[in-house]
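Okay, structure first, notes after.
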Amino acid sequence: MFTWLGHDERQRKDPEVFQTVSEGLKKLYRTKLLPLEEHYKFHEFHSPALENADFDNKPMVLLVGQYSTGKTTFIRLICAQLPNPVLESISIIDTPGILSGEKQRTSRGYDFAAVLEWFAERVDRIILLFDAHKLDISDEFSDVIKALKNHEDKIRVVLNKADQIETQQLMRVYGALMWSLGKIVNTPEVLRVYIGSFWSHPLLIPDNRKLFEAEEQDLFRDIQGLPRNAALRKLNDLIKRARLAKVHAYIISSLKREMPSVFGKDNKKKELVKNLRVIYGRIEREHQISPGDFPNLKKMQELLHAQDFSKFQPIKIKLLDAVEDMLAKDIAKLMVLVRKEESDKPIQTVKGGAFEGTLQGPFGHGYGEGAGEGIDDINWVVARDKPVYDEIFYTLSPIDGKITGANAKKELVKSKLPNTVLGKIWKLSDIDKDGMLDDEEFALANHLVKIKLEGHELPSELPVHLVPPSKRKLAE
């Protein structure tokens, strides 16, 4: 439990008690930041007012990319079916494909970049997907990335479908992507780019399999850590919003101060909008504000054209002091509660889907007609092909009737299936969970590989008719 005095409460000496970080953020926003936003029309320029759900919701992942870059397939990989345990920990947001080429001339009927900017303020992670086979950044994609300004810390980049090109070409594509992003994203830190093939089909060119495995595990670890860092993210986002609201208040009050009281209002308004850059500079110097805290100049000018400057409010020190007090004192104290919640709660990670078993088995990681084949058979369906699998099994140096995970992996990767799939197959096949496979478990693993290569989905749990006869008691 954490206690401190709010602005009004200090006068009454009546302490405010916050049980959780979420409760504290909601209280600070409503009592200190929201009044400033409403007084200076912040919501008409930047973002709607925050709701309680913005502070209570689970971590969110936003996927952004041009058509056919693999956004929906990525979602199916990590969360293929409902209900899914993945969605107990995070929410995944798919977006319409970003237009390129001639399609960019088609009007969407709404400001696509502005909508993504709204989401960017509220999500925990933004994943930009690019197609390694046909890399280009369209004008609309460029506008979207620019709209994500001040949220670069949330952005991760995925260079998808990297199994479709040779190693030398992949190096060139990676370099071209980094060069293109460097021109758009104005940040001293290089964006993290994950290279891989995020789908459940066999790798077309498996030469870089080890690289894809390492990149995939890094990305999944990053996503798995989101629940643990959710409170800190919400705190940081409130800080960003408060800093923008302060700058906005200075801009609006400056414009109000410059307007004539009676004549020449229209001409003066046009002059002020045209010279907004000069006003930015003056505010920056007078209040020692970082240039990065200012809203986009062009966008602000466009929005100001539709505003009635006579309705703007002059500077109100009390409102600015309340926000300054929040940033200087309350946020620092709330940070203590953030750390306390992190230490008190058990480690939270995303589970289910492609995250299942990411730390188990030799692959580093767990419905359909294929798994249902043989369901009515009296005998074990895998037994039909077991003699063929046995021949391979005994070439893999079994010890006491079992092969190691490393030896099994050498054989199973020949299928070219990605590790997310092979990890699920391992989890289903290693029935006694000893990290090794006997001849029956190895035959089962190969049978599941065959099911997947034939285009069927893997079962989430091993159906009874696929369990080897000698393991059925263990599976019960």
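Given a 1.4 angstrom probe, I'd like the percentage of the accessible area of the chain that is carbon and sulfur, rounded to a whole number. Walk me through the numbers on the way to the answer.
Details: 12390 of 23720 Å².
Carbon and sulfur: 52 percent of the exposed surface of the chain.
Taking only the C-alpha atoms of the chain, Rg followed by Dmax gives 28.0, 97 Å. Seen from a random direction on average, the alpha-carbon convex hull of the stretch 251-325 projects onto 5.4 square nanometres. Using alpha carbon centroids, what distance separates the stretch 443-470 and the stretch 235-286, in Å? Value for the Cα centre distance between the two parts: 65 Å.
Measuring with a 1.4 angstrom probe and ignoring ligands and nucleic acids, D139 comes out at about 110 Å² accessible.
Assuming a ≥ b ≥ c are the square roots of the Cα gyration tensor eigenvalues, decide whether the stretch 208-278 counts as rounded (a/c under 1.5), prolate (otherwise, with a/b larger than b/c) or oblate. Here the stretch 208-278 falls in the prolate category. Entry note, the chain: the mean residue ellipticity at 222 nm calculated from DSSP H runs of n ≥ 4, each adding -39500 (n - 2.57), is -14000 deg cm²/dmol after division by the residues and rounding to the nearest 500.
What area, in nm² and to one decimal, does the C-alpha convex hull of the stretch 388-467 cast on average over all directions?
Working: hull surface 20.4 nm².
Mean orientational projected area (the stretch 388-467, Cα hull): 5.1 nm².
I need the GluC sites (Glu not before Pro) found in the stretch 171-256, filtered to DSSP loop residues with at most 12 other beta carbons within 10 Å of theirs. Provide the component values of the computation, followed by the final result.
On the way: sites: E189, E213, E215, E216; in loops: E189.
Within the stretch 171-256, the qualifying GluC sites (Glu not before Pro) (loop, at most 12 other Cβ atoms within 10 Å) are E189.
With a 1.4 Å probe rolled over the protein heavy atoms of all chains, the accessible area of W179, W118 falls in the order W179, W118, largest first.
Remark: the stretch 112-265 carries 43 Å² of accessible area per residue (probe radius 1.4 Å; ligands, DNA and RNA excluded).
Put W426, W199 in order of accessible area, highest first, and with a 1.4 Å probe you get W199, W426.
Between their Cα atoms, which of K58/K298; K32/K146; K427/K473; K26/K71; K149/K246; K134/K424 are more than 27 Å away from each other? Over 27 Å Cα-Cα: K58/K298; K32/K146; K26/K71; K134/K424.
Put simply, the amide H of L437, placed in the peptide plane, has neighbours under 5 Å in I403, leaving out anything fewer than 5 places away on its chain. With the simple spin-label model, which puts each label point 7 Å out from Cα in the Cβ direction, the Y394 to K340 separation comes to 6.7 nm. The alpha carbons of the stretch 145-298 stretch over 73, 35, 25 Å along the principal axes, in descending order. Amide H contacts under 5 Å for I195: L159, restricted to partners 5 or more places along the chain or on a different chain, H placed in the peptide plane at 1.01 Å from N. Under 5 Å from the amide H of G65 lie the amide H atoms of I98, L129, each residue being 5 or more positions distant or on a separate chain, with H modelled from the backbone and absent for Pro and chain starts. For a modelled paramagnetic label at A383, 7 Å from Cα along Cα-to-Cβ, the residues of the stretch 446-476 in reach, with backbone nitrogen under 12 Å, are 468-470. Where the alpha-carbon atoms of the stretch 101-214 are placed on the principal axes, they occupy 42, 33, 27 Å, in descending order. Solvent-accessible surface of protein heavy atoms, probed at 1.4 angstrom with all chains present, puts L87, L276 in the order L87, L276, largest first.
The values are calculated or read from the model by the stated rules, or taken from the named source; none is laboratory data. Every value quoted in this text rests on a predicted model; they were computed, and no experiment measured them. Positions of Cβ are generated from backbone atoms using ideal geometry, with glycine treated the same way; all protein chains shown enter the neighbour counts. These accessible areas exclude ligands, DNA and RNA; they are computed on the full protein's heavy atoms, side chains included. Shrake-Rupley method; radii C 1.70, N 1.55, O 1.52, S 1.80 Å.
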